[in-house]
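The values are calculated or read from the model by the stated rules, or taken from the named source; none is laboratory data. Computed from a predicted model, the values in this text were never measured in an experiment. Note that each Cβ is placed from the backbone with ideal geometry, even for glycine, and that neighbours are counted across all protein chains shown.
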Number of protein chains: 2
Amino acid sequence: MHSTIRDVARLAGVGTGTVSRVINDSPKVHPGTRAGVLEAMAELDFHPSAMARRLSTGRTLSIGVVVPFMTRPSIIERLRGIEGALSTTGYDLVVFNVETTERRNSVVADLLRGDRVDGLLLVGLSPTDTEVSAIERSGLPTVLIDAYHRRLARVVANDVQGGQLATRHLLELGHRRIAFLGGLPRVAFTYSASRLRERGVRLAMRSAGLELPSKYTVSGDHSRGRARDLTSDLLHAPEPPTGIVCASDTQALGALEAARDSGVDVPRQLSIVGYDDLDFATYLGLTTMRQPLFESGVQGAGILVELIKSGPAVVRREVIQVELVRRSTTGPAPLVSPVGRPASPSRGDTRMRSGRLDR
Amino acid sequence: MHSTIRDVARLAGVGTGTVSRVINDSPKVHPGTRAGVLEAMAELDFHPSAMARRLSTGRTLSIGVVVPFMTRPSIIERLRGIEGALSTTGYDLVVFNVETTERRNSVVADLLRGDRVDGLLLVGLSPTDTEVSAIERSGLPTVLIDAYHRRLARVVANDVQGGQLATRHLLELGHRRIAFLGGLPRVAFTYSASRLRERGVRLAMRSAGLELPSKYTVSGDHSRGRARDLTSDLLHAPEPPTGIVCASDTQALGALEAARDSGVDVPRQLSIVGYDDLDFATYLGLTTMRQPLFESGVQGAGILVELIKSGPAVVRREVIQVELVRRSTTGPAPLVSPVGRPASPSRGDTRMRSGRLDR
DNA sequence: TTGTAGGCGTTATCAC
DNA sequence: GTGATAACGCCTACAA
């Protein structure tokens, strides 16, 4: 059915070794014989068996990428970058979507066995020390994307800076009561970006001589619904914030909903900054932080291929810079509290009662 | 380093054949020896080599999925479904993102060689007759998801029904002048859903004793900008439609923009129905058609695994039903023409409450 | 430069 | 039931 290297050898009147050399274009083969072999290969429509090659070389020619929650568009964008970078290298991209802890563990353990993939890309998953030890022990080249561990090669965005830039933007608009709507607190093997962004917010506040009080620091999962509820709570508490920095666009979406539901005008009464600059951010006019997601995938894949090729080297660390995208959900700080009843006609009440600014 | 089946055999004092039988839990092996072998395997932390097994069995234990434009959220959702279904089967999921014609061709041709994957999943890619012939010749089990060819197993959404439901909804609201804003006309290996949806619209109109005139049938690429322009043209022509069925939510977004720019109130002067029920549809209050994207991936993968296991059978065809999600971009038909003058001077107003879009 | 033979780790086909 | 042994298709010394 399928022609093998032996068929080619016979037809070309050479040994199998020579055919193999031609396939892997070894320098040491006579141009004449090479031509003959190539002709025979064409004649037989020969294509080397990937499996056989994999077994005999010990290389799988594929790399595994483990992602949590393929629902998250930012992850997808990175995946695209990875795919793009890999497509030119001959490596197959094997995708594992892990949405539970058990599956994450079993998948990684399985992959570390080393027989299925030549390298590992962990996206948005920060491994624990123990897990990193297992990775190191296995010797499987591994690169973290959008995740952190000091002993592993990685490409991360400058999340602290992101938090800072977002906050500084609000500060420049005159906001003083700024809240941070973050993702879930750190768990093993999970997203840590939110924490860093929060730190950025805190730093920016501090260098403006302000604080980020704990009552303005709320967090929940990355869902829109949860974000809406949290924002709602914020807005209905005494002294509600006038600006919110969100850890993701999805959460910003929830925040926007909450504002709308509470009759709070954006951006006149409340400014909202998202994070990620997802597709829908443009539609919504969402001010947000953009990071080159696609690019991070490309770089991660590049580093991994390099690592596979040249063996362990110094731990490479690539930092991706982020930028603020100004749109229309942020504006000058209001003089009054953003808490509102649905479009009350008694508009004369725009005084300072709860509207006084901090300091 | 890695222990092999032979090491296990030696330690357990049996032959390699027996070990192999234990691995594949063949019925014909004495409970006693089996226990011994298992113990030896545990002792040596033995794990069978996937590569060797693949070479020997001729099965790659992985399936390839080819998707165009991994950017499109609907594709991603399907991919998730595929991954989920496959994760329980032991098949690896190898992803190929094709964004150009050449790459698409080379990837598919490569995969058809049959040595890299046991089955093929084509998402959103309708192959031509010639390509289907190549697929059949290769004997590689193949399933289409969200794509069509009569000779291949497939899972498709009921697009005709979708167009009908959307249109019937508008008809029930009293609309008579209904337009269809479709995607690009059919090209090889490309999305054909738009055409079917259009047919649904036409059918619904007809059974209401109406027509879908060609001046109400416009199409462009799936971009928002193009949709905006097309809608704008529609609205400024004589006898503009009072309802528009769009082939995608993205296009509905463009339509909404056009309406706003022309000072046409939605839904009072113009009703708009989207398609897909993407994430942002909820936020915008977009009435739209929803189809179980995730489920389509699950089913497609299921059919493929079945196909691989039991060999070619009757061409299976799974039709996924769609449903209308009523929100606030559709309402009773107006009594007057929806043409208006360009929006009022309050151009700086950037509130989100009315679902305004950014430009 | 080229051919030959052994090996990669399993599975499958035999006899026993 | 079980143990040799030959594939599976390629790569890679080693020898020529």
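Return the residues of region A:79-119 that are of a type outside the set (S, T, Y), more than 17 Å from A:T142 (Cβ to Cβ) and more than 9 Å from chain B (Cβ to nearest Cβ); say none if nothing qualifies. Within region A:79-119, A:G81, A:G90, A:E102 meet the criteria.
When A:H175, A:H222 are checked against the criterion of being modelled with pLDDT under 90 and assigned by TED's automatic domain parsing to the domain that holds A:Q164, a single residue qualifies: A:H222. When we screen A:G15, A:G90 for residues that are at pLDDT below 90 and within 16 Å of DNA strand D (Cβ to nearest atom), the only hit is A:G90. So for region A:147-159 (the condition being in a helix (DSSP H, G or I) and within 20 Å of A:F294 (Cα to Cα)), does at least one residue qualify? Within region A:147-159, one or more residues are in a helix (DSSP H, G or I) and within 20 Å of A:F294 (Cα to Cα).
Assess whether A:E323 counts as being closer than 25 Å to A:T88 by Cβ and of a type in the set (D, E). So A:E323 does not fit the description; no. Consider A:P27 carefully, then state whether it is more than 9 Å from chain B (Cβ to nearest Cβ), surrounded by fewer than 21 Cβ atoms within 10 Å (Cβ to Cβ), free of Cβ contacts under 8 Å to residues at least 40 places away in the same chain and away from DNA strand D (no atom under 16 Å from the Cβ). So A:P27 does not fit the description; no.
Just one residue in the set B:V66, B:V98 is without any contact (Cβ under 8 Å) to a residue 40 or more places away in the chain and either over 23 Å from A:R80 (Cβ atoms) or under 21 Å from the mean Cα position of the chain (by Cα) (or both); that residue is B:V98.
Inspect region B:260-269 for any residue being under 19 Å from B:G220 (Cβ atoms) and within 14 Å of chain A (Cβ to nearest Cβ) and give the result as yes or no. Yes, region B:260-269 contains a residue that is under 19 Å from B:G220 (Cβ atoms) and within 14 Å of chain A (Cβ to nearest Cβ).
On inspection, A:V37 passes the criterion of being part of a helix (DSSP H, G or I), near DNA strand C (Cβ under 9 Å from one of its atoms) and buried (at least 20 other Cβ atoms within 10 Å of the Cβ). Given the criteria more than 14 Å from DNA strand C (Cβ to nearest atom) and part of a helix (DSSP H, G or I), does B:L79 qualify? Spelling it out, B:L79 is indeed more than 14 Å from DNA strand C (Cβ to nearest atom) and part of a helix (DSSP H, G or I).
Selection over region A:4-19 of residues that are more than 6 Å from DNA strand C (Cβ to nearest atom), under 15 Å from A:S49 (Cβ atoms) and surrounded by fewer than 18 Cβ atoms within 10 Å (Cβ to Cβ) gives a count of 3. Applying a threshold of 9 Å to beta carbon distances and a minimum spacing of six or more residues, or different chains, the list of pairs starting in region B:35-47 at a residue that is away from DNA strand D (no atom under 12 Å from the Cβ) and ending at one that is of a type in the set (K, R) and not in a helix (DSSP H, G or I) reads B:H47/A:R113. Only one of the listed residues (A:T16, A:T60) is among the β-branched types (V, I, T) and over 30 Å from A:V108 (Cα atoms). That residue is A:T16.
Would you be able to tell me the number of residues in region A:260-294 that are of a type in the set (G, A, S) and closer than 17 Å to A:T330 by Cβ? Lay out the reasoning, then the answer.
Going through region A:260-294, the residues of a type in the set (G, A, S) turn out to be A:262-263, A:271, A:274, A:281, A:285.
Filter again for closer than 17 Å to A:T330 by Cβ, leaving A:271, A:274, A:281, A:285.
Residues in region A:260-294 being of a type in the set (G, A, S) and closer than 17 Å to A:T330 by Cβ: 4 in total.
Do the conditions hold for A:A52, that is, is it among the hydrophobic types (A, V, I, L, M, F, W, C), more than 8 Å from DNA strand D (Cβ to nearest atom) and part of a helix (DSSP H, G or I)? Judged against the criteria, A:A52 is not a match. Checked against (1) in contact with a Gly (Cβ under 7 Å, 6 or more places away or on another chain); (2) within 15 Å of DNA strand C (Cβ to nearest atom), B:L55 meets all criteria but (1).
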